[in-house]
Every structure is written in C-alpha cells, then in structure tokens.
Amino acid sequence: MRILITGGTGLIGRHLCKALLGEGHDLTVYSRSPRSVAERCGAAVHAMGALAEWTPDVVFDAVINLAGEPIVDTRWTESRKQVLRDSRIALTGELVQRIAAAEHKPAVLLSGSAIGYYGGRGDEELSEDSGAGADFPARLCVDWEESALAAERYGVRVCLLRTGLILSTDGGLLARMALPFKMGMGTRLGDGRQLMSWIHIYDYVALVLRLLRDEQMRGAYNMTAPAPVTNKEFTAVLAAVLHRPAALVVPASLLKLSLGESASLLLEGQRVMPKRMLAAGQAIRFPTLEGALKDLFG
Ligand SMILES: NC(=O)c1ccc[n+]([C@@H]2O[C@H](COP(=O)([O-])OP(=O)(O)OC[C@H]3O[C@@H](n4cnc5c(N)ncnc54)[C@H](OP(=O)(O)O)[C@@H]3O)[C@@H](O)[C@H]2O)c1
C-alpha cells in the first residue's frame, strides 16, 4: 500500500514506520522538518514538507494521521490551547480537503484521538459507547474526531484511535518517568488513586496494522490494554521491575501550581477498556503491566 503518515516522526510514528516498512509498504511522512524524515523514519521513507504537495494526481491507498503538538507538561494558556487545537483539528481538516480533491481516494483514514475523550471519570469503567467528557482535552478529542469523520463523505473508511498512555522506552511519559525511578527517586503523583489506561507500543502497532487491513472495522477504538491500574499501582510495579524504591510523593498542589489546568492529565484518569478490539478477537501480547514493563526494561 502507498501510505501517508502525518506525525510519522513522533514516538508512535517511528515505531509504525518500522513495522510498515517491514511489511513492504511504500511510506510518505508529512513533517515540518522533511530533511529529518529519512533519519528518523527510515531511509526508504519519502518526505512531504507541506500537505499542498498532495496534489489530486498523487495516489495514497491509506492515511494515518498522528500529528499534534505535545499536550503533556505544558501550561495550557489560551494561545497554547489554540496551537494544540490547530495542530490537530485544522490539520485534519486540511487532510480531508486533500482527500476530497484526490482523483484516487484512499480506502482508509486512521486518525488520532486519545482516551482524554472521556474526561476525568474516576473509577467508572469506560468503553467506546461511553459519552465524552467536558474538559479541554475531551473537547479537543471530540472536535479532532469530528474533523476526521468528515472523510466518510468521500467513501473513506475512518477509524479513530482513542490512544491510551503508550509504554515505550524511547519516548513519551514512561521514558520520562523511568529516569528519576532509576536514580532511586520514584514518585507517586498526588494521592495515587487516579487510573492509568496504558498500552505497550508493540500492541499499539499491532492494533493499528489490524485497523489498516480489516475492512470491517470503522469508528472509534480504545487503544489500551484491558488492565488499567491506579497511579499508586503503576508506581509500585515500575519500582519493582527496576529494583528501585519509590517512596516519594509529588503533592497534587505542587503539580497544579507548576502546570495549572494541564495537571489534570496527571491527577485525573479514566478506566478505559478496549471493548471493540476484544470483541473483534484481537490478541493483546502484553495484557498485564508487569509483563509489559519487564519486556520493555529487559
Ligand atoms: N504517546 C502517547 O502516550 C499518546 C497518548 C494519547 C494520544 N497520543 C496522540 O497520538 C499522536 C502521536 O503521539 P506521539 O506520542 O507519537 O507524539 P509525538 O512524539 O509528540 O509526535 C507528534 C508528531 O506530530 C508532529 N507535529 C507536532 N506539532 C505539529 C504541528 N504544529 N503541525 C504539524 N505536525 C506537528 C511532529 O512531527 P514533525 O515535528 O516532524 O512535524 C511530531 O513528530 C499525538 O497527536 C498525541 O497527542 C499520544
């Protein structure tokens, strides 16, 4: 397949490129730094520096849309919120315009979203049928998904990737968390009761490959392992796998003071289950946190 990937230089994108190249696909990555694409995504990957390069005669069989400014660890000022929205919603809208103009329409659009769609929901078990939350990340995801679903008007199958916390050692939250743990300064966040719905990067890539080729699958999919844990449990398992103590606590008040509204991403959570993936018979190679972390940290 000829596949266009936005955000292909990011954490998920790099893993995905490796797997897709391994399957023999022809990849193009849209990046604001097109010169970095070969080095980050693979020498065989074509670079696209602007979506305007997708002229109506250019053929893509599938599009994977992952681009988005980092949302964690930044203060959500009004101008930052606009940047976060534009880099996802406006970019997806532009992508759909290119799809509308294309002489050969892609068969499928896999478009990013996040479990933040559900908002902070305490211990409530959530599936794809659960309603959206009302906070900033939830509204961002709702609008991002709606923007992608517009591609259905052109006969494109659209799947929405409601992504959980990706576990990988080469980027993302786990890589940042692991460093203080390795130095013996493992910390729990706030009261530690907030739920973390995680997924090993291996399983995430496998789910994306399934969505790409299974023509029966469309709509929203929770991209998580079926075993969410509390932050307290996550901290304890990570400490045990790394053979380090985790006795410290970052008080919620300190996180709120330094991060403002965005501290909610660390202090609130949701118990998300991949109901539709399990119903489709998709195997999860790392269903437990301990197994996933042991695999990642060798
Ligand atoms: N990692 C997670 O745990 C997680 C969880 C839930 C949801 N997600 C979502 O899944 C998507 C991919 O995640 P990731 O971890 O791979 O993210 P990442 O490592 O931060 O990569 C995102 C990519 O988006 C591109 N990008 C950033 N700002 C952009 C802008 N203003 N315009 C166009 N492109 C821009 C960047 O590519 P260039 O710099 O090459 O242009 C970057 O490589 C993101 O949208 C993220 O919000 C991730």
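The values are calculated or read from the model by the stated rules, or taken from the named source; none is laboratory data. Here the structure is a predicted model, which is why all the values come from computation and not from measurement. Neighbour counts are summed over all protein chains in view; Cβ atoms, including those assigned to glycine, are modelled from backbone coordinates with ideal geometry. Ligands, DNA and RNA are excluded from the accessible area calculation, which covers all protein heavy atoms including side chains. Shrake-Rupley method; radii C 1.70, N 1.55, O 1.52, S 1.80 Å.
Data overview
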{"quantity": "Simple label model, 7 Å out from Cα along Cβ direction - Ala240 to Met185, nm", "calculated": "2.6"}
{"quantity": "Under 5 Å, built H, 5+ apart or other chain: amide partners of Arg157", "calculated": "Val108, Leu109"}
{"quantity": "Length-normalised contact order of region 13-152 in % [C-alpha pairs under 8 Å, at least 6 apart]", "calculated": "21"}
{"quantity": "Carbon plus sulfur fraction of accessible area for region 184-298, probe 1.4 Å, in percent", "calculated": "56"}
{"quantity": "In Hz, Karplus ³J(HN,Hα) per residue of region 73-89 (6.51, -1.76, 1.60; θ = phi - 60°; x = Gly, Pro)", "calculated": "6, 10, 6, 8, 5, 4, 5, 5, 4, 5, 4, 4, 5, 4, 5, 10, 6"}
{"quantity": "Virtual spin-label span in nm between Asp61 and Asp170, 7 Å along Cα→Cβ", "calculated": "2.5"}
{"quantity": "Residues listed by number, region 273-298, amide nitrogen under 20 Å from Asp214 label point at 7 Å toward C-beta", "calculated": "273-288"}
{"quantity": "Debye-sum result for the chain in log10 I(q)/I(0), which assumes one identical scatterer on each alpha carbon, at q = 0.07, 0.12, 0.13 Å⁻¹", "calculated": "-0.26, -0.78, -0.92"}
{"quantity": "Derived scalar couplings ³J(HN,Hα) [region 221-228; Karplus, 6.51 cos²θ - 1.76 cosθ + 1.60; whole Hz; x for Gly, Pro]", "calculated": "10, 6, 9, 9, 7, x, 9, x"}
{"quantity": "Label point at Asp123 placed 7 Å out along Cα→Cβ; residues across region 178-199 whose backbone nitrogen lies under 13 Å", "calculated": "193-195"}
{"quantity": "Span per principal axis, largest first, for the Cα atoms of region 124-216 (Å)", "calculated": "54, 31, 21"}
{"quantity": "Positive-end residue, the chain charge dipole about Cα centroid, Cβ charges, pick of Ala220, Trp54, Leu20", "calculated": "Leu20"}
{"quantity": "Electrostatic dipole magnitude of the chain [Cβ: Lys, Arg +1; Asp, Glu -1; Cα centre; debye, to 20]", "calculated": "580"}
{"quantity": "Label-to-label distance, nm, for residues given as Ala107 and Arg193 (7 Å Cα→Cβ offset)", "calculated": "4.9"}
{"quantity": "Relative contact order (%) - the chain, alpha-carbon pairs under 8 angstrom, separation at least six", "calculated": "18"}
{"quantity": "Protection-proxy order for peptides 285-298, 6-19, each taking the mean of Cβ atoms within 10 Å per residue, highest first", "calculated": "6-19, 285-298"}
{"quantity": "Cα-based helix-to-principal-axis angle, 136-149 vs the chain, degrees rounded to 10", "calculated": "20"}
{"quantity": "Separation of alpha-carbon centers, region 128-199 and region 12-55, rounded to whole Å", "calculated": "23"}
{"quantity": "Among Phe136, Gly164, Ile201 the positive-end extreme of the charge dipole of region 132-287 (Cβ point charges)", "calculated": "Ile201"}
{"quantity": "Kirkwood-Stokes translational diffusion coefficient of region 43-101, alpha-carbon pairs, 4 °C, 1.567 mPa s, µm²/s", "calculated": "97"}
{"quantity": "Descending principal axes extents, region 1-139, alpha-carbon based, whole Å", "calculated": "45, 30, 30"}
{"quantity": "Probe 1.4 Å, accessible area per residue of region 1-86, Å²", "calculated": "48"}
{"quantity": "Dipole of the chain [Lys/Arg +1, Asp/Glu -1 at C-beta], most positive-end residue of Leu278, Ala252, Ala38", "calculated": "Ala252"}
{"quantity": "Violating pairs (Cα-Cα greater than 24 angstrom) within the set Lys182/Lys275; Lys81/Lys182; Lys18/Lys294; Lys182/Lys294", "calculated": "Lys182/Lys275; Lys81/Lys182"}
{"quantity": "Computed helical MRE - 222 nm, the chain, DSSP H runs ≥ 4 contributing -39500 (n - 2.57), nearest 500", "calculated": "-10500 deg cm²/dmol"}
{"quantity": "Cysteines in the chain lacking a second Cys C-beta under 4.7 Å", "calculated": "Cys141, Cys159"}
{"quantity": "Long-range amide H partners of Arg188 with built H, under 5 Å", "calculated": "Leu248, Val249, Val250"}
{"quantity": "Accessible surface of region 20-162, 1.4 Å probe, proportion on carbon and sulfur as whole %", "calculated": "49"}
